[in-house]
Structures are given as structure tokens and as C-alpha cells.
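None of the figures in this text is laboratory data; all of them are computed from the coordinates on show. All figures in this text were calculated on a predicted structure; none of them were measured in a lab. Cβ placement follows ideal geometry from the backbone for every residue including glycine, while neighbour counts extend to all protein chains displayed.
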Amino acid sequence: MDFSDTIINWYHHHKRELPWRNSRNPYIIWLSEIILQQTRVNQGLPYFYRFVETYPSVRELANAPENDVLRLWQGLGYYSRARNMLKTAQMIMEKHQGIFPTEYDQLLQLKGIGSYTAAAISSFCVDEPHAVLDGNVFRVLSRFFGIDIPINSSTGKKIFSDTAYSLLNKEHAGLHNQAIMEFGALECKPQNPNCEQCPLSSQCVALKNELVKKLPVKTKKISVKKRYIYYFVVTNNNRLLINQRTDKDIWANMYDFPSVETEQPCNPEELLTNNPFNSLFNPAIEVTHYSNVYRHQLTHQSLFISFIHFHSPSNEFSPLAKQWQWCTEEEFNLLPKPKIIFEYLRVIHNLL
Ligand code: SF4
């Protein structure tokens, strides 16, 4: 028996009965995959049932208010995934007449769908021959073939992707992909894999060479911190409210605008209704412009910066903010500023 036949045979006898198994409905597969990117199967199941019950099809989801979707998602974290789900559903209504695509290339055009999810949906639904590569598949392949190239290196990704594709059962791609993922989750587990009963054991390189505990290999990446900064560009009587930075952070002592920072990206409109904004500004002020999000890369930090403009009828500001001051644009031009602020000022010159 070849590799694919062996794991498919194993799958028929050992697979877990899960509500999205045996479904060829791309909406159902997509919901389960997005939820399972956030959590384990047991924790994800109640979320899956709630979503399917509340939004039985992509049409109901597309018409849902964002707050309702976020509430159903509550507890899974990384809320941009939930927002992306809503945007994807809306895009499917607009561009695909409400029919969820099943083709790999079309799926990749949708928000929040990458190569893994596109391969899963297209193969599970219509057997398009794309091999899935998730953590389970990397582990099975690296052990079975004894591949010690880091799975998170670009060479490693290419080798594993080619290997996965070469093993794929092209006629039954969906079954093969589900089988190898389930095999990795239940049999070739990260800790204490079930090698004694494993149907692949006679050919497994890692088992033969006592490398099971050493594979797969991952390189340690330098961790890059993500920061989300929302600047408030406040004008009053041709003057700008500016801020001098404190000296313990990036851009020490330079000048920028008042800002708030969040650990996750958030909707600027939500930001304006919550603290700390409300403790710093009068909530009645009128927003005149929302900028795009600018990405700014520092050595160990990725900054995602947005600017929210508003006009303040009063020139008074919160006593909490001692390092703020009013100045004209010309005066501000003379002060030291981070590059992103300097460049943004040039972009918005006409808005001031
Ligand atoms: S023998 Fe062990 S390490 Fe090798 S594929 Fe089977 S479970 Fe994984």
C-alpha cells in the first residue's frame, strides 16, 4: 500500500466524527477552518454550532451587524478574523452572487483566506488537487521522511510543499488531506506519538533513526512585536495639538501627535467611544478625516499607524496630558519628528 492509501485506510477506521466532516458545503468548511485556526477542536465546537445556527448560510452572515458577529466570536480572540469573516461573506454576496467559491484561485482573493484554507476548501469540496500543509502535516512528513530542514524556513516550506503534493492522491484530494491532518492530530502527535501501532512505522525514517523527538525542526525567529498606534490630529484656529514623547520608548523626546496604542488592531470609531480617548478629549468633537493604515518597520517592532483628524472648538485640553502643546504648522515643521510623522505632514498639508 502506498502512503496515501495507508493513511486513508487508517482514517476510515479512526477518524473523529465532527459536524463538518463529510460536508462538501464550502461555507461550512470555511467556518470550521477559520474557527479551528483560533482554537482546538473541543473548544471550537460550541462556536461552530452557534455560528451555523445563527447564520445558516453566507447570506445571513453577510447581512449581520458587525457587533453581533463579534459577540458570537467573543472569547476566541484576534477579532480581526471575525471582521474578515463578515467582509468575506459580504464580498461573496457582491461578487459571487451569494455562491461561496470552491476554486483555489478564487478563494485566495477573499479576505482572511490564505493558501492553507484555500487548499482545504477546494480539496474538501471539489477534490481540487491542492495539498494542505498545516502543523500536523509538517510533523508527519518531517518524521516519515526524516527531513530536518526547518519547517519555517523558505527552503523548508518549498520542500515540504513539494513533498506533500507528490504524495497527494489527486483523485481523492479531499479525503487524502483530511486523512493526513487527522493522522497527525491523533497518531503522529507532537508528544508520545503512537509509533507502536502506526501503519507507517516500517518505513518511517525518524523511528528507524531515533529522531522522532527531534523532528520537526523549527528555527527560532527573532520576535517582532506588533504595535497599533492611533494618532489624533487635532486642529484649533490654525494650530495643531502636538505631543513630546517621553524618553523610555521609541522616538525619545521627539514630537508627534497625541495618541493611543492598542495590542490588537481596532476600529477607529470604536476607539473614539472608549477610554482613554474619552478621558483626554470631549467626545462631542467632530471627526473630519480617517487616514489609511501606515505600516512602519523598526528592527524588532512592526508599527501599524493610523491618523484620526478632528477639529476642536476649544483650545483647552486634558490636564492629564502635560506633554501636549498647541503650535502652528510652521512651528511644528521646525521640531524633531519621527519619519512617519514628517512624511504624513507632507501628505496632509492641504487638510490642515
Ligand atoms: S512511526 Fe511514529 S513518528 Fe513515524 S509516522 Fe508513525 S507515528 Fe509518526
**Fill in**
Residue pairs qualifying under the 6 Å Cβ cut-off, at least six apart or on distinct chains, with the first in segment 198-209 being farther than 10 Å from Cys188 by Cβ and the second being more than 9 Å from the ligand (Cβ to nearest atom) and of a type in the set (Ser, Thr, Tyr), are Pro199/Thr6
**Message:** Among the residues that make up segment 292-304, is at least one of them more than 30 Å from Ile151 (Cα to Cα), buried (at least 17 other Cβ atoms within 10 Å of the Cβ) and away from the ligand (no atom under 16 Å from the Cβ)?
**Reply:** no
**Complete:** Within segment 220-244, the count of residues that are in contact (Cβ under 8 Å) with a residue 60 or more places away in the chain and either under 23 Å from the mean Cα position of the chain (by Cα) or assigned to a loop (DSSP other than H, G, I, E, B) (or both) comes to 12
**When residues of segment 172-191 are limited to those that are over 24 Å from the mean Cα position of the chain (by Cα) and not in a helix (DSSP H, G or I), the one nearest to the ligand (Cβ to nearest atom)** = Cys188
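Just the residues that are of a type in the set (Asp, Glu) and near the ligand (Cβ under 8 Å from one of its atoms), please, taken from segment 195-208. Working first, answer last.
Residues of segment 195-208 that are of a type in the set (Asp, Glu), as a first pass: 196.
Hits for segment 195-208: nothing passes.
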**Message:** I'd like to know if segment 19-38 contains one or more residues that are within 19 Å of the chain's Cα centre (by Cα), farther than 23 Å from Ser115 by Cα and of a type outside the set (Asp, Glu).
**Reply:** no
**Asked** Can you tell me which residues in segment 152-169 are farther than 16 Å from Ala120 by Cβ and more than 15 Å from the ligand (Cβ to nearest atom)?
**Response** Asn152, Ser153, Ser154, Thr155, Gly156, Lys157, Lys158, Ile159, Asp162, Ser166
**Prompt:** Within segment 131-141, can one find any residue that is more than 15 Å from Phe3 (Cα to Cα), assigned to a loop (DSSP other than H, G, I, E, B) and within 16 Å of the ligand (Cβ to nearest atom)?
**Reply:** yes
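Which of the residues spanning segment 209-219 are within 9 Å of the ligand (Cβ to nearest atom) and either surrounded by fewer than 15 Cβ atoms within 10 Å (Cβ to Cβ) or in a helix (DSSP H, G or I) (or both)?
In the first step, residues of segment 209-219 are kept if they are within 9 Å of the ligand (Cβ to nearest atom); the result is 211-212, 215.
Listed by number, the list holds a single entry, Val212.
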